[in-house]
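As structure tokens, the structure follows; a few thoughts come after it.
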Amino acid sequence: MLERDGVQFFLSGNGTKGNVRPNRMAHPDFRWDAYVNCRDGDSLYQGLKARGAEITREPEVTFYEMKEFELKDSNGYLICFGQDTSLEPDEID
């Protein structure tokens with residue numbers, strides 16, 4: 001997990017070096033190549049969709065209180081963006 005300026009990135013790894021494309025995690029709820037915590041997922045989603053991003057899962061609130069959507073990037077990587085719905089707006093830095 002990496003974090004900078006309030007943005008967190010969770011990167012999936014396959015345990016070996018030198019592979020061009022990492023394997024997705026085995027658990028069905030965690031199948032992404034990268035997971036990004038964001039502050040305003042709705043605006044991000046609307047902007048990406050307006051630019052023609054390949055959305056693979058529409059925004060939905062999960063059982064772990066994250067509003068998430070997924071997209072496939074131009075290299076075929078699956079990226080999930082999530083916003084914590086358990087926080088009040090004034091708790092988000």
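The values are calculated or read from the model by the stated rules, or taken from the named source; none is laboratory data. Quantities reported herein were computed from a predicted structural model and do not represent experimental measurements. Cβ placement follows ideal geometry from the backbone for every residue including glycine, while neighbour counts extend to all protein chains displayed.
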Strands (runs of 3 or more DSSP E) completely within region 47-91 that count 2 or more residues being surrounded by 15 or more Cβ atoms within 10 Å (Cβ to Cβ)
66-72, 78-84
Filtered residue count, region 30-64, keeping only those that are of a type in the set (D, E, K, R) and farther than 21 Å from residue 2 by Cα:
7
In region 1-46, which residues are outside any loop (DSSP other than H, G, I, E, B), modelled with pLDDT under 85 and under 20 Å from residue 74 (Cβ atoms)?
9, 11
